[in-house]
Structure formats: structure tokens, C-alpha cells
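Everything on this sheet refers to the single structure shown next.
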């Protein structure tokens with residue numbers, strides 16, 4: 001299934017995309033698409049629905065983050081061998097784990113706002129894992145059983161805050177609007193091999209990133225198992241899994257986003273996003 005949430009920010013309704021690509025309303029079936037609806041049993045019940053009997057949604061409503069009430073928004077850094085190479089970084093011996101603030105989560109096509117006085121805001125197309133079951137000390141052999149599905153993410157990053165301001169990476173990763181997710185949550189059964197998905201990102205129509213999840217240093221199974229050793233993963237938690245080469249930081253000289261730019265990105269099976277970059281404004 002391709003599960004979606006649509007409507008104005010804070011008032012999204014649950015829906016799904018049918019086999020013909022049409023948006024169908026799920027609000028009379030489930031109250032939302034949050035942790036309670038992402039369990040294996042709940043997803044199995046949704047899969048039994050006759051999509052043709054669900055109401056069609058007219059027009060082109062805004063698409064929101066496909067997961068409601070995300071509890072944790074975690075991320076893996078330097079997880080593509082070719083991205084580590086472009087940044088001159090050594091290959092990590094263990095996954096680099098950091099946190100993105102849940103307050104930065106937004107819809108896939110909402111504007112990305114530059115932080116006040118930012119001069120080094122960058123792009124990162126990524127595969128995101130969405131958890132469906134509570135996971136603690138999970139063996140790799142069982143790790144995928146805890147995953148509800150996957151979605152597309154843009155791990156927008158302010159490099160000065162991340163790398164030049166001391167401390168951890170987190171302060172450059174969780175600024176408002178820095179977590180576009182969606183358009184869909186694609187359930188695990190529709191993604192036969194999460195380690196063979198093409199990703200790409202354009203800025204102003206120019207291809208910047210091209211990659212494939214086969215280049216991950218730590219794959220989805222390893223990530224879920226590893227992270228579950230340090231923090232209990234809960235239904236609805238999201239883990240973004242690293243980015244392929246082509247980020248602005250890796251260019252010579254580096255190139256960063258400015259107001260008026262447009263990012264367009266996609267991942268095989270998971271859809272596309274488009275974000276306009278806008279100047280910071282209060283509130």
C-alpha cells in the first residue's frame with residue numbers, strides 16, 4: 001500500500017493511493033496514520049480493504065508527512081561509501097547516529113525555510129525507514145519484521161551549525177522545515193529490496209545527486225538492529241539512512257541553498273518531492 005496524509009498542516013486526513021494513482025479517503029476507516037495504525041495487524045486489516053469502494057478525493061490537496069505523531073526522528077550519517085569519499089571522511093566503523101527534531105517534520109512539498117543568518121544550508125536525498133513495532137535489541141535476521149515501510153526524505157542540513165559550532169551534529173539538522181517526509185509511506189511488502197533503490201536530487205533543474213541504496217555502508221537490516229541496541233524504537237519512529245554523493249558541501253567550491261532555489265528529489269518506488277527555498281521569517 002501507499003499510505004498518505006492530506007490536507008492543511010495540523011488537520012491532515014488519512015488516505016491511500018490506489019492502483020490507478022488516485023487518492024482515496026481513509027478517514028472513515030482509521031482516525032489517522034500514526035503509531036497505532038502501523039502495527040502488522042493494523043496494516044493487514046487495511047490491506048484487505050476494497051480500494052475501489054473508498055471515496056475519491058477531488059482536486060489536488062496538500063500532501064503532509066505520511067506518519068502522524070512521530071515520536072523519534074533519528075538519522076544515520078556518512079552512510080554511503082561514495083558520499084564519505086566526496087567529503088574526505090573515513091568510512092565509519094559503526095553507524096553514526098544523530099537526532100533530527102520532530103519539530104522540523106513537514107510535508108514533502110512544503111517550503112524549506114533558511115534559518116536566520118544561515119549561509120550553508122544543504123540538501124540530502126535519503127531513504128527513510130518507518131517503524132511498525134516496538135524494537136529493542138533486535139537481531140538482524142528479524143529486523144525487517146519490525147519495519148512498517150519506507151518513505152522519501154530530504155535531510156536538509158545547515159553545515160555551519162552542524163560542523164563549525166561545536167558539539168554534535170544535531171544543531172544543524174533540526175531547524176524548522178528541515179525534515180520533509182513523503183509523499184507516501186510505502187509498506188514493506190511493496191519494496192522487495194530496500195538495498196537496490198535509485199535516488200536523485202535536482203536544484204533548479206540541475207542534477208546534483210544520483211545514487212543507489214546498494215552503496216550504503218550499513219544497510220536497513222543493520223541499521224534497525226544497531227539502533228535498537230541503544231534506544232527502544234517505537235511504532236511511528238522514523239530513521240533516515242544517509243545520502244549519496246552530490247551534496248553542496250562536497251562540491252569544489254561548496255555550493256549552498258539560497259532563497260528562491262527549488263529542490264526536486266525522488267526515490268524509486270517512493271515518489272518525489274519539490275520544495276521552494278524561502279528566507280527566514282519569525283513565527
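The values are calculated or read from the model by the stated rules, or taken from the named source; none is laboratory data. Just so we're clear, the structure is a prediction, and the values are computed from it rather than from any experiment. Cβ atoms come from the backbone with ideal geometry, glycine included; neighbour counts cover every protein chain shown.
One residue alone among 31, 66, 90 is touching a residue at least 24 places away in the same chain (Cβ under 8 Å) and either out of contact with any helix residue (DSSP H, G or I) (no Cβ under 7 Å at 6 or more places or on another chain) or part of a loop (DSSP other than H, G, I, E, B) (or both), and that residue is 66. Scanning the range 204-234 for residues that are farther than 16 Å from residue 75 by Cα and in contact with a helix residue (DSSP H, G or I) (Cβ under 8 Å, 6 or more places away or on another chain) turns up 208, 211, 215. Taken over the range 191-225, residues that are touching a strand residue (DSSP E or B) at 6+ places or on another chain (Cβ under 8 Å) and in contact (Cβ under 8 Å) with a residue 60 or more places away in the chain amount to 20. Taking residue 119 as the residue in question, decide whether it is surrounded by fewer than 16 Cβ atoms within 10 Å (Cβ to Cβ) and either assigned to a loop (DSSP other than H, G, I, E, B) or over 19 Å from the mean Cα position of the chain (by Cα) (or both). Against the criterion (surrounded by fewer than 16 Cβ atoms within 10 Å (Cβ to Cβ) and either assigned to a loop (DSSP other than H, G, I, E, B) or over 19 Å from the mean Cα position of the chain (by Cα) (or both)), residue 119 qualifies. Answer yes or no as to whether residue 6 is surrounded by 17 or more Cβ atoms within 10 Å (Cβ to Cβ) and in contact with a helix residue (DSSP H, G or I) (Cβ under 6 Å, 6 or more places away or on another chain). For residue 6, the condition - surrounded by 17 or more Cβ atoms within 10 Å (Cβ to Cβ) and in contact with a helix residue (DSSP H, G or I) (Cβ under 6 Å, 6 or more places away or on another chain) - is not met. Exactly one residue out of 45, 20 is outside any loop (DSSP other than H, G, I, E, B) and surrounded by fewer than 16 Cβ atoms within 10 Å (Cβ to Cβ), and it is 45. For residue 145, the test of being under 15 Å from the mean Cα position of the chain (by Cα) and in the same structural domain as residue 240 (by TED's automatic domain parsing) is failed.
Is it true that residue 168 is surrounded by 23 or more Cβ atoms within 10 Å (Cβ to Cβ), over 28 Å from residue 7 (Cβ atoms) and either in the same structural domain as residue 267 (by TED's automatic domain parsing) or out of contact with any strand residue (DSSP E or B) (no Cβ under 7 Å at 6 or more places or on another chain) (or both)? Spelling it out, it is not the case that residue 168 is surrounded by 23 or more Cβ atoms within 10 Å (Cβ to Cβ), over 28 Å from residue 7 (Cβ atoms) and either in the same structural domain as residue 267 (by TED's automatic domain parsing) or out of contact with any strand residue (DSSP E or B) (no Cβ under 7 Å at 6 or more places or on another chain) (or both).
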